[in-house]
Amino acid sequence: FLASGGLVQSCGHIIPESPVLALGSNFTALCILNESCLDFGNIYASQIIWKIKNRLVPKEQYREINRTVSSVTFNDTSALATPLTCNILADGQIEQNIYGITVTVGLPPEKPKNLSCVVHQVSRFTYIMTCTWNPGRHTFLDTQFRLRYSWPEEIFPDCIPKDVNNSCTITDIQFFVNTEIWVEATNALGKAESDPLVVDPIDIVKPLSPQNVSVSSGILPTILKLSWENWISDAVMTLKFNIRYRIVGDTNWMEVPSEDTASPRTSFSVQGLRPYTEYVFSIRCMKEDGAGYWSDWSEEKTGITTEDQPSKGPPIWRIIDTSHSPAFWIVHLMWKALKPFEANGVILQYEVTVRDKSSLSRPVKKYNVTSTNYTLQLPEGTYEVTLIARNSVGASPPSLLLIPASNSKPPVKNLRTLPKHDKLWVGWTAPNSYVLKYVIEWCLVSSSSDCIIEWQIAPGDVQGIDLKGIKPFKCYLITVYPLYADGQGSGLSVKAYLKQDRPSKGPTVQTKKVGKAEAVLTWNHLTVEEQNGFIRNYTILYKTIDGNETVVTVDPSKTEYTLSSLTSDTLYTVRMMASTDNGSRTGPDFTFTTQKFGKGEIEAIVVPVCLAFLLIVLLGVLFCFNKRDLIKKHIWPIVPDPSKSNIAQWSPQVPAKHNFNSKDQMYPEGSFTDVSVVEIEADDKKSFSEQDLKPFDLLKKEKSTSEGHSSGIGGSSCMSSPRQSVSDSDEGETTQNTSSTVQYSTVVLNGYRDQTPLQVFSRSESTQPLLDSEERSEDHSGGADSTAQRQQYFRQNGGQEETSADRPCFERTMQITHANEGDLVGFVQLQISGQSSQPLGLGMEKNTQEAALSSVLQTCSEGQTVRPETMEENPLSVDEMPKSYLPQTVRQGGYMPQ
Amino acid sequence: CPSHGLCRSNVQEQTRRQVAVLNATAQELFSLYLKCQGEPFSSESDKLCNPAGIFFPAFRVNRTSERKEVMVAMYKLFAFLNASLGNITRDQEELNPMAKELLERLHNTTKTTRGLISNLTCLLCKNYNIFQVDVRYGDSSKGKSAFKKKQQGCQVLRKYVQVIGQAARVLLPHLSPS
C-alpha cells in the first residue's frame, strides 16, 4: 500500500469486481498494479501470487500479461471460494495483499414448470386467484419469482410471492377475459419464464358451496325436498350440482345421479327414500360446463321422511316348553322388532292370532301386544300363529308360524360354520323338500348359566347366513331348523367358535393312585369359559428331578391316565397342557413320589416272617413241653415229700416236737429257693384236741424267740421266675444255692393270747440231703398228693366268690381290695403283729402283698363251709398222718412236723 | 392485433357474457347507489337522476345492425361507462366510504367494463381490423359539489341501466355461438 497525503492507496485492483459466476463455468480474473507502485516499491506483475481463502492458487493458472497485469484462470468455478486475493511477495519474501474480491457461485434460475391457477370464491363478489408452480432447482443465489398476468392490451402489476417461491395469489381478477399468466424467475445469472397459461378465470373457479341448505318432507313417504342458495348469480356462472345423502347412523353416502342435477337450480327432490327414515344431505356445485373445480361439500342437513305402513311382518319364532306337562304346552312366542326400513314408522302394537288347526270349530284367539313376545298355554296340537305389526299408517303383511305337533320332518344336512372376520358364517345343505325358510338358533354355551337363545330367520333359497354379534373365544351352539309349508323340520346343531385362542388355564392334574411303577393321574375338564376353543388334546408332561421330560398326548375326552414304567421311590413332577387349534396352556405342576414297594411286596415279606416267628415260638413251646421235666428239674426241683420218705418209716411215733426242732435246726431259714403253699384253716383248730395243739404252742414259743419267718406264698412254674423267699434276705450266711437246698414249709399255728391263732406256713430250709428213695417216692406219690392239695387250695380260693355273701369275709376282702400298697403293708404288719410282738423286719416288707393276700385268704376261709368237705376228702386221722410231711389240709389233729 | 394469442374464438362469447353480467347487475347497482346516497335521491330519483342533461354515448343500433357497427357502438359505450364508473367509484369512495357493498359492486362493474373493452378491442381488431375508435367521455366530476357528484353518478347509472339492457338484447343475436 502506498501512503499519500495521509490516505492509503491500493497498489492495485482485481477485475471483475465481486463477480457472480455460474457453477461449473470458467473464470479469469486480472490483478492490475498501479503504475505508481511500480517505481515506489519495485513491484511487478511477475511477483503476484493468487490465493483463494488463504490457499495458494497453483502458479500454472497464473499468466503475466504485462509488467503490471497478472491473470488467473479457473476452468471450473466449483473450485472457487471467496475471497479471491491478489498478493505480492515484497523483497522476494514478505507477502503483502494487494486486493481481494468476493466470488459468488450459483446457478441461473430454471424455467418454472407446472403452472396452474385456481380462482377461489371468497364471498359473493370476491374472487382470488392462486397460482402455483414448480420453481425448479436451487440456484444458490437470490432468485426472485413473480407471477405476471395480462390482457391483450393491458399488463397488470406482478404478483410477488411472500416467503415462498412457488405460489402467489392475485386478488384483482376479471372473468370473461382471456388472461395470460406466467411466472418469471430472475437472479444474478439470468432470468427464466414459465410457459404462459392463457385462461379465462371463470373457467378455473372453485365456487363456494351452496348455502342455507334445507330439507323438507314431501307428500310421499319416499321423497325429501332439498333447497339451497347459490353464491354465484347465473349471469356470472351457471352451476351444476352433486347431491349426496345417507341414512343417519350409516357411513355410506348415496348420490343423486349427476345428470339429474346438471342444470342450474336451487332445489331438488330426492326420491326413492325409505319411509320414516332420517337422512343426511350435503351438496356441492361447480361451473355447469364442467370447467373449473367442485366446491367443497356444504354443511350437512337432515330430514325425515314421513311414515308408511310396515313393509313386512315381523319374523316370529317360538319356544315350546313341555316340561310341565307333555300334553299341555307353554308356548313362548317371540318376534323381532321390524327394522326401521321395514317398520316404516313407529310400531304401535302387534296383533297375535292363534288358530287351532286340529279343530276348526274352535274360535280364533286374538291378542294385542305391545312387546315382542307373548306366552300362551296351549293343549298339544297343531296351531297356526299369525302376527301383524301396526303403525299409524297401517298394518304389515302377516307373519305366519306353524306350531307342529312334532318335528318329524327332515332336517338340514351338512351343517357347518366358517369364521369370516367378525362374523360367523353358518352354512348347510338344504333338504330335498322345498323349504319356506330357515330358523337359525344360537346361544352362548356357558357352564354357569343357561343358554340364552338368539335366533334369526333366513329365506328358504339361501343355504348360509352370517351371524353377527358373535364374540371371539366363546363357544356357541348353533341349531338350524327348516320350516316347511306344512310344518317344521328337526333341528341340527353344531358347536362353533368365531375365533379360537389358547385355553385361559391349564388342567390341574393330581394323582388318584400311586404305585411302585405307575401312577394314575386324574384331572377335571376345563370349563367352557376356560377352553377358548375346541380342546384338541391333553398333553401330560412328567419328569423326575434330573431326568428328561416325557410327553404323553391324551384324548380330550379322558379325565384319567395311568403313567407306567415309572421308577420306584422317585419324585416325579407332572403337569398337564390343554391344546386348542390356537395354542396351549399348561396347568400347575404336581409332584408325587412313587412307592418303594409294590402292591403285595410288603405282605410277601411280612407274612412269611411272621409265620416263621410263630413257627419258631410253637416249636419252642413244644420243646418246652417235651422237656418239661428237664426244665422243671432245673427250675423247679422236686421237693421230696418227707412223708414218703423212708425216714418217716424209720420212726413213725417220734414226737413231733423233737422232730420239729431237729428239723428246724437241721435246715436253717433262708436256704429256701422256692415256696410251697399249704393252707390250713384256722377254724379247724376247734377240731383239734388240746393235745394236738400243744405242740403248736411249743412251736409258737420257739418261733417267738427264734428267727421265725413266715413264709409267703411261693411257687414256681416253668414260666415263672423263681422268687426268693422272704427268709432269703436275712440269711446271708447261707451259701448253698437252690439246687443244693431242699426247701420246706413249716406250718405254724399261732395265736395271740385268746385270739384265734392263724395257721401260718413257715418255710423251712434244710440242707439235709434227701435220700434217693425219698426223691423217687416224691416223684411217684408225693407229687400226686401235692397236686391234690394245690387243687384243694385253689378250690377254696376260687370259692370265695361263691361264698362272698358271708359278711365278715366280704368286708375284709373289701379292705384289701381298696387298700393301696402301703395300706397292704400296714395291714399285713398288723396281722403278723397279732401273731407275734416281735418285729418281722425287712423280709416281711418285701412280700407284703403276698402276705396280705394269704392273710385275706386265711381270714375269708373262716366262715366257709367247705371245711367239712375238705375234711371229708381227707378223713384220715392224726394217727394216720405222720407219713405226710408236705403241708396238707389241716385235719383234726393236723399234721405234725416230723 | 396486439396479444394476438389472447384474442381467441371464445372472446365473442365472453363479450356476450360480460354484457349479460352488466345487464344483470345494473339495476341492483343503481338501486343500491340511490339507497346509499340518501335523501333526496332515494325519493326523488326520477327527477334528480334524469339523464337528459348529461352526455351519454348514443347507442343507435338494433338487432339488425351490422355486427361491426354494433361492435363499434358498444366500444364507445363501454369506454364511456368505464371512465364514468371510474369517476363514480372515486366519488363514492370519498362520499360514502363505508358503503362497502356499493363500492364493491362499482369496482366489479368497472372491472367488467375494462374486460369488455379488452374483448371488443380484440374483436374489432381481429374481425374488422379496426385499431382505433373515437371515444368521448363524460364531464369530469372533479371540483363539483357532493350533491352534483351524486347526481351525476345517479344520472349516469340510470342511463346505464337503460342502455345496458338494450345492448344485451342487441348483442344477443350477434354474439351467440355460431
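Overview of values
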item: Under 20 Å from the A:Val248 label point (7 Å along Cα→beta-carbon), backbone N, the range A:322-363; result: A:338-348
item: Additional length obtainable on full extension of the chain from A:Ser325 to A:Ser46, 0.36 nm per residue less Cα span; result: 87.3 nm
item: Anisotropy class of the range A:207-305 from Cα gyration tensor, a/c 1.5 cut; result: prolate
item: Peptide A:176-187, shielding by other chains (average Cβ, 10 Å cutoff); result: 4
item: On Cα atoms only, tilt of B:100-128 relative to the major axis of chain B in degrees; result: 20 degrees
item: Cysteines (scope chain B) whose Cβ has no counterpart Cys Cβ under 4.7 Å; result: B:Cys36
item: Tilt relative to chain B, helix B:11-37 - C-alpha long axis, 0 to 90 degrees, to 10; result: 0 degrees
item: C-alpha long axis of helix B:67-95 to longest principal axis of chain B, angle in °; result: 30 degrees
item: Linear extension gain, A:Thr550 paired with A:Asn432, 0.36 nm per residue minus alpha-carbon span; result: 37.2 nm
item: Under the Karplus curve 6.51 cos²θ - 1.76 cosθ + 1.60, θ = phi - 60°, whole-Hz ³J(HN,Hα) for the range A:144-160, x wherever Gly or Pro sits; result: 9, 10, 9, 9, 10, 8, 8, 9, x, 10, 8, 10, 8, x, 5, 9, 9
item: Per-residue ³J(HN,Hα) for the range A:624-631, Karplus 6.51 cos²θ - 1.76 cosθ + 1.60, θ = phi - 60°, Hz, x for Gly and Pro; result: 4, 5, 5, 9, 5, 5, 5, 5
item: Among the listed pairs A:Lys287/B:Lys100; A:Lys437/A:Lys474; A:Lys240/B:Lys111; B:Lys100/B:Lys159; A:Lys413/A:Lys437; A:Lys339/A:Lys499, those beyond 20 Å (Cα-Cα); result: A:Lys287/B:Lys100; A:Lys437/A:Lys474; A:Lys240/B:Lys111; B:Lys100/B:Lys159; A:Lys339/A:Lys499
item: Cβ-placed point charges (K, R +1; D, E -1), dipole of the range A:207-305 about Cα centre in debye, nearest 20; result: 160 debye
item: Total charge dipole magnitude, the range A:113-199, about the Cα centre, Cβ charges on Lys, Arg, Asp, Glu only, Debye to nearest 20; result: 280 debye
item: Modelled FRET efficiency - R0 56 Å, A:Thr353 with A:Glu288, Cβ distances, 0.05 increments; result: 0.45
item: Volume in Å³ per residue [convex hull over Cα atoms, computed for the range A:509-594]; result: 81 Å³
item: Cβ-Cβ FRET estimate between A:Ala604 and A:Lys468, R0 fixed at 60 Å, reported to 0.05; result: 0.30
item: Positive-end residue, the range A:207-305 charge dipole about Cα centroid, Cβ charges, pick of A:Pro210, A:Gly292, A:Gly303; result: A:Gly303
item: Estimated inter-spin distance, B:Gln162 and A:Ala90, nm [label 7 Å along Cα→Cβ]; result: 9.3 nm
item: Paramagnetic reach from A:Lys420 (point 7 Å along Cα→Cβ, amide N under 20 Å) across the range A:445-476; result: A:455-474, A:476
item: Listed peptides A:504-514, A:626-636, B:14-24 by packing density, highest first (mean Cβ within 10 Å); result: B:14-24, A:504-514, A:626-636
item: Inter-chain Cβ neighbour average for residues B:111-124, partner chain, 10 Å; result: 4
item: Calculated FRET value between A:Lys513 and A:Val346, using beta carbons and R₀ = 60 Å, to 0.05; result: 0.30
item: Spin-label model distance (nm) - A:Lys596 vs B:Arg90, 7 Å beyond Cα toward Cβ; result: 12.8 nm
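Laboratory data are not the source of any read-out in this text; all were calculated from the coordinates shown. Worth saying up front: this structure is predicted, and the values here are computed from it rather than measured. FYI the Cβ positions are ideal-geometry reconstructions off the backbone, even for glycines, and counts take in every protein chain you see.
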